[in-house]
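Here the structure comes first, spelled out in structure tokens, and everything after it is commentary.
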Amino acid sequence: MPCFAVAPESVVGQSDRPRRLRPELHSPHAVALLLATLLALAAGCKKSDGLFELIDPLELPPCDPRTWSRFGHGPGQLSFPRAIAAGPTGSVYVADFGNNRIEEFSPVGQYLREISMTGGATGRLELPTGVAIAPDSTLLVADTGNDRIVKFSRDGGWLAAWGEVNIGEPLFDAPSSIAISRQGIVYVVNRDWDEIRSFTLEMAPINRWGRRGSLPRQFEVPTAVAVDNDGFVYVTDTENHRVQKFFSDGRIVAVWGRVGSGPGEFFLPQGIAIDSCGNVYVADTGNHRIQKFKSGGPLIKLLEGPGNEPGQFASPRGLAIDRDGSLLVADSDNSRIQRFPACDDSCAPQ
């Protein structure tokens, strides 16, 4: 079993930093905590600032979820992460919403670097909610608070931005998610206009669809977009409590879901990801769970349970599939990442 934190307590969904118990050394609780520490160390853990961390995540049982990070503003810490992407080299990129940056981690959660902007002519990232990796390994970031898409080099250098200044109407109003198809089409959720826009890799406009409403091809605050290997486009239609599936040109294919807490129902779904077999993972944010569906909508599996233990969630928002086929979850209100190994089915990465 994984090593758990012993002392910290937090309220699921609470927006401030979780409280920590810091007993005096002479208290009875301190004696119990010391014994727990010794047991945890004997089990292969180390103590760091009140939390027990794994010495080597690869030593965990192969199907147990891995978790990393916690609330904070320092390197490797997170503040309500909203999106996540996994690259072909295994690196994991997280949209660190509350800290106005992107953080890069190794496949097992080791902090590698921060990607952000220092101001000046290019400005700063403000409340980023989306990140995607282009075929050339550059990064596209939904800089939501600045109504633009920003492009970074593989090593984190600023390259370009779109949406701030345009002739006529602006390109974006609170863009919230980005996905890039195998065919080289970039899809952006233009959240506050209730629409999806598509572009070339150079961000030349191709198409747009959607408007406010509850009919097919209409949206009430769309949040995330994902593309499968065949080019079908999936969108979480958050305030309609459903998922919509489209052809690449915006024609409707399928709609599923309704408001509720039962299997196949949603309450404010946000993140979405597709594995190489076409299975659809949806962050059922308001119900604090992940649902897995076949590509047309039939439910396959539930990962559920509000809480802050491994395998539990507090408003999960961002989802991604890594190079090994494992599911990555931006467990937002727990300010951490969870990785669920793909060991319970036969869907191999392609």
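Side notes on the structure shown:
- Of all the numbered requirements in (1) open to solvent by 30 Å² or more (accessible area, probe 1.4 Å); (2) closer than 19 Å to residue 82 by Cα, residue 281 misses one, and that requirement is (1).
- Residues of the range 139-148 include none that is open to solvent by less than 40 Å² (accessible area, probe 1.4 Å) and either part of a loop (DSSP other than H, G, I, E, B) or in contact with a Cys (Cβ under 9 Å, 6 or more places away or on another chain) (or both).
- 2 or more residues open to solvent by 40 Å² or more (accessible area, probe 1.4 Å): qualifying strands (runs of 3 or more DSSP E) within the range 164-271: 205-209, 252-256
- Here the range 316-326 is the region considered, the condition is being touching a Gly at 6+ places or on another chain (Cβ under 8 Å) and at pLDDT 95 or above, and the residue that is most open to solvent (accessible area, probe 1.4 Å) is 317.
- Evaluation of residue 329 against (1) among the aliphatic types (A, V, I, L, M); (2) at pLDDT below 95; (3) surrounded by 20 or more Cβ atoms within 10 Å (Cβ to Cβ) (one fails), failing number: (2)
- Considering 276, 346, the condition of being open to solvent by 20 Å² or more (accessible area, probe 1.4 Å), under 14 Å from residue 228 (Cβ atoms) and modelled with pLDDT under 95 is satisfied by 276 alone.
- Of all residues in the range 115-143 being touching an Asp or Glu at 6+ places or on another chain (Cβ under 7 Å) and free of Cβ contacts under 8 Å to residues at least 40 places away in the same chain, the one that is farthest from residue 192 (Cα to Cα): 125
- Criterion (farther than 23 Å from residue 138 by Cα, basic (Lys, Arg) and modelled with pLDDT of 95 or more) met by exactly one of 101, 66, 70: 70
- Here residue 271 does not qualify as closer than 27 Å to residue 323 by Cα and in contact with a Ser or Thr (Cβ under 6 Å, 6 or more places away or on another chain).
- Qualifying residue in the range 297-310 (condition: part of a loop (DSSP other than H, G, I, E, B), over 21 Å from residue 178 (Cβ atoms) and in contact with a helix residue (DSSP H, G or I) (Cβ under 7 Å, 6 or more places away or on another chain)): yes
- Number of the condition not met by residue 155 [criteria: (1) under 26 Å from residue 316 (Cα atoms); (2) part of a loop (DSSP other than H, G, I, E, B); (3) open to solvent by 20 Å² or more (accessible area, probe 1.4 Å)]: (1)
- In the range 237-284, the residues that are under 15 Å from the mean Cα position of the chain (by Cα) and of a type in the set (Gly, Ala, Ser): 271, 273, 283
- Hey, residue 189 modelled with pLDDT of 95 or more and not basic (Lys, Arg) or not: yes
The values are calculated or read from the model by the stated rules, or taken from the named source; none is laboratory data. This one's a predicted model, so the numbers in the text were calculated from it and none came from an experiment. Virtual Cβ from ideal backbone geometry, glycine too; neighbours counted across all protein chains shown. The area values use the complete protein model at the heavy-atom level, side chains included, leaving out ligands, DNA and RNA. Shrake-Rupley method; radii C 1.70, N 1.55, O 1.52, S 1.80 Å.
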